[in-house]
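Any read-out appearing in this document is the output of simple, stated calculations on the displayed coordinates, not a laboratory observation. Note that the coordinates shown come from a computational prediction; the quantities given were computed from them, not determined experimentally. Cβ coordinates were reconstructed from backbone atoms using ideal geometry, including for glycine residues, and neighbour counts include every protein chain displayed.
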């Protein structure tokens, strides 16, 4: 007569129903954009802030050629702030026996506020990723990082408010819905069903 083994509960698996599902998804560039947004959203920024100027120039770049201005601004800021990169060794969090080294900005020689330098370096890293143009201001004035190229509002409330105010979109949506209802009605009539 076969005997059965007692079952044991296996924990730590992905499909464990008792494991809390507190994971959050991060989009490419969101972590790099955080210090940029923190600085760009401040009201007490200096009048001729290079971070603000760089973001504005990148937004203008879509409509006009401002590459020369951007290059001059970045080079001038790096020289004026005395920004240098330094090799920094660190241990790997997920591998206790591993270590690595990265180039990181050396803040000790910078002549600007650390938050401002961090935001500027964040802008340069976003540009390297091709995502600097996604730092945007919502119609309500909030600063946000657009997770997608077509995103124009920082939350659903602002998005729906902007879409509701667009008269051309309302007319197009009404025409689309009339056509959709007509097509559904014709399909139901073909099947012999009526509502």
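How large is the Kirkwood hydrodynamic radius of the stretch 30-148, in angstrom, based on all distinct alpha carbon pairs?
Averaging 1/r across every pair of different Cα atoms and inverting gives 15.6 Å.
Relative contact order for the chain: what is it in percent, counting Cα pairs under 8 Å that are at least 6 residues apart?
Contact order relative to length: 19 percent.
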* To do: Compute the distance in nm between two label points, each set 7 Å from the Cα along the Cα-to-Cβ direction, one at residue 63 and one at residue 183.
  => 3.5
* Asked: How would you rank 39, 81, 99, going from fewest to most other Cβ atoms within 10 Å of each one's own Cβ?
  -> 99, 81, 39
* Normalised by the number of residues in the stretch 83-132, what is the relative contact order in percent for Cα pairs under 8 Å and 6+ residues apart? -> 28
* To do: Specify the inter-centroid distance of the stretch 120-149 and the stretch 47-82, based on alpha-carbon positions, in whole Å.
  => 14
* Length-normalised contact order for the stretch 100-195 - Cα pairs under 8 Å, 6+ apart - percent -> 11
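Give me 127, 170 sorted ascending by neighbouring Cβ count inside 10 Å, so fewest comes first.
On the way: 127 15, 170 12.
By the 10 Å Cβ count, ascending: 170, 127.
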